Amino acid sequence: MKVILNNIQLKKIIKLNQNIGFVPTMGSLHKGHKSLIKESKKKSKKTLVSIFVNPKQFNDKKDFINYPRNINQDKSILRNLKVDFLYLPSAKEIFPKSSKFIKKINKKDKILCAKFRKGHFEGVLNVMDRLTYLINPTNIYMGEKDYQQFYIVKKYLEKKYKTNVILCKTIRDKRGFALSSRNKLLKKSEIIKAQKITKNLIKIKSNIKKNLNVKNELENRKKELEEKFSIKIQYLELRNKNSLNLSIKKQNSKLFVAYYLNHVRLIDNF
Ligand code: AMP
């Protein structure tokens, strides 16, 4: 595996390699990231993984500081997976002084996480725009776990570049709880709680039936979960997966959730 530390090295490699599959990450890799990499290796000639904890997408400075980092373990995981290239840029390489930033996402997209994390998706789009420009990948692999991120990034990048943004399914633990680097910040008892919450959420989705007042139902279930598990839920919403408009039927829809377990913010969709 070749480790790329700067853009001069990167440019040389990009010139020599076509059909690159790109997996952008913030490191602290787990089986979710691994599945994206495996997908890329199946479909692309070469696979490039980036690890960059993007300061611009953290609306909370503490969250950025506490974000789990484990570069040595990450390198060993990537070597075992036989990844071709690991790109480890610095913030200066990604955001040079001359860069022009995307200031605002569309008003229509200011829902779910965009509503609660001010500037988050602007930060995501800025880093993805820059990485796509530098790497020129044929395909980019992103996880369903962060569906709204996938949705916004795909719309933006496929309009601007000749690249395909490919959705990869969410990898979960044996009790259905979605894997995430942030899970490393949870205690064992909190993981057990999150697994129970997940089970409840799956049931809520499967209980959405015709003629149900979905808005009221979800409002009630939200309060119930908050009391039962002593958590704060930011949103629990059923939305159409193609438009992300609020939905009243299960068909073509996803149930989106974001909640705080103590100080750790978790998101998922079903
Ligand atoms: P992150 O390192 O958290 O920024 O995630 C990098 C990529 O991995 C994103 O496209 C995520 O959606 C994806 N990802 C994170 N967790 C999972 C998971 N449990 N299953 C599948 N993909 C995931």
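The values are calculated or read from the model by the stated rules, or taken from the named source; none is laboratory data. Just so you know, these numbers come straight off a predicted model, no measurement behind them. Note: ideal-geometry Cβ built from the backbone for every residue, glycine included; neighbour counts use all protein chains shown. Only protein heavy atoms, including side chains, enter the accessible area calculation; ligands, DNA and RNA are left aside. Shrake-Rupley method; radii C 1.70, N 1.55, O 1.52, S 1.80 Å.
For the reader, a short list of remarks on this structure follows.
- When only Cα pairs below 8 angstrom with a gap of at least 6 residues are kept, the chain shows a relative contact order of 18 percent.
- The loop-placed trypsin sites (Lys or Arg not before Pro) in region 119-157, going by DSSP, include none that has at most 11 neighbouring Cβ atoms within 10 Å of its Cβ.
- Inter-probe distance in nm under a simple model that places probes 7 Å from Cα toward Cβ, at Lys160 and Asn242: 2.6 nm
- Modelled FRET efficiency - R0 45 Å, Phe101 with Asn80, Cβ distances, 0.05 increments: 0.80
- Per-q log10 I(q)/I(0), region 181-269, q = 0.16, 0.19, 0.22 Å⁻¹ (Debye; single scatterer per alpha-carbon; no solvent): -0.63, -0.86, -1.08
- Per residue, the solvent-accessible area of the chain (1.4 Å probe, heavy atoms of protein chains only, all protein chains present) comes to 55 Å².
- Interchain or long-range residues, amide H under 5 Å from Ile166's placed H: Ile140, Tyr141, Met142
- With every protein chain in place, region 181-269: carbon and sulfur % of accessible area (1.4 Å): 49 percent
- Overall, the accessible surface of region 5-129 at a probe of 1.4 angstrom is composed of carbon and sulfur to the extent of 53 percent.
- Cα radius of gyration and Dmax for the chain (Å): 19.0, 59
- Secondary structure note: in the chain, about 45% of the DSSP beta bridges are antiparallel.
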